[in-house]
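For reference, the structure discussed in these notes is given below.
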Amino acid sequence: MDVALFDYELPPELIAQEPVEPRDASRLMVIDRRRGTWEHRRFRDLPEYLRPEDVLVANDSRVMPARLIGRRLPSGGRAELLLLRRLDDALDAPWEVLARPARRLQPGTRLSFGQGELEAEVLGDGPAEGSKVVRFSYQGVWEEVLDRLGQMPLPPYIKAPLRDRERYQTVYARAAGSAAAPTAGLHFTPRLLEELQARGQEVAFVTLHVGLGTFRPVQVDRVEEHRMHAEWFSLSPEVAARLNRARSQGGRVVAVGTTTARTLESLADESGVIHPGSGWTDIFIYPGRPVRGLDALITNFHLPKSTLLMLISAFAGRELMLAAYQEAVRQRYRFFSFGDAMLIL
């Protein structure tokens, strides 16, 4: 399958540079994938489309301030790291990172951040193409050091400065570990979650730490040749039981975001039963692969030729998704991380 089949034209001015306020004031395109129709609403209208027996499933991963800007020692040249993942559970374990300028960061290169309160040594190339492995040294608590020195890793298409770090977090973010936000969840407000709860609507949480696998561009011509980078996920026995029970009673599993969808698909068997588990997933979902672990999907509008656009095309059909995207462009929806959302039923 040709990657070009997932391309579309997007006027640059539709790339959202800042989030809307309040969060649930964003627009919502509601798509009926069986009828091939859509309607235009606001995200705050979401409860109207959910049944009491449905379960919303969201990714509670929290974005790390994973962008570190420092200098090379002893030259003083600029260096930038994007933290992807710690390579094992030990606090002193090395990290896999994306690094710039990669060619200058050879094994043995030392880096300094802040006033020297955080230093790093490049150990070599990482497991993913283009990544590096570094080991950090510091005094104190790692999370506190990172919070002081790190920046939020906004995508390169967002040029406006982020005034509030928390605006690139979901309101239910809990488990720190992501290098990018699970952006479909950015539209929820505490008030909207309270309204869902008052309606008897269940909300369950899984964790997938967003890394290179989610936002790495497709650099091959054939979809089948792309390889995803592994990301860590977890789904508890309690949540698995809730989802399977809801489906057995006629309810729908409504995934909030493609990261949640990938978690569910990593654990769903051929009959659609969702099993608990944790570990690393490099699952790649594209048209032709059955989607069994979810019945509806909340998602943002994704980049052309991206694995995320391929995933929603596997769920709802490529032709319908591209037609919906054309309609979104005509209606001047806002695209990408800080953009508007769609609900695919």
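Read-outs throughout are calculated quantities, based only on the coordinates presented, and are distinct from any laboratory measurement. Since the structure is predicted, the reported quantities are computational estimates derived from the model, not experimental observations. Cβ atoms come from the backbone with ideal geometry, glycine included; neighbour counts cover every protein chain shown.
Odds and ends about this structure:
- Full extension of the segment from residue 89 to residue 273, taken as 0.36 nm per residue of separation minus the current Cα-Cα distance, would add 63.3 nm.
- For region 67-149, the average shadow cast by the Cα convex hull is 4.9 nm², which is a quarter of the hull's surface.
- Principal axis dimensions, the chain - Cα atoms, whole angstrom, descending: 63, 43, 39
- Rg in Å to one decimal, and Dmax rounded to a whole Å, for region 1-137 via C-alpha atoms: 22.1, 63
- Linear extension gain, residue 197 paired with residue 2, 0.36 nm per residue minus alpha-carbon span: 65.8 nm
- The simple spin-label model puts a point 7 Å past each Cα toward its Cβ; for residue 222 and residue 327 those points are separated by 3.4 nm.
- For the chain, a Gaussian network of Cα nodes joined below 10 Å ranks 71, 252, 262 by mean-square fluctuation, and the top entry is 71.
- Percent antiparallel among DSSP beta bridges (both partners in the chain, rounded to 5): 70 percent
- In region 88-212, inverting the average of 1/r over every pair of distinct C-alpha atoms gives 17.2 Å as the Kirkwood radius.
- Percent RCO, i.e. relative contact order, over the chain, from Cα pairs under 8 Å lying at least 6 residues apart: 25 percent
- Here the Gaussian network model covers the chain, with springs between Cα atoms less than 10 Å apart; of 75, 248, 61, 75 fluctuates the most.
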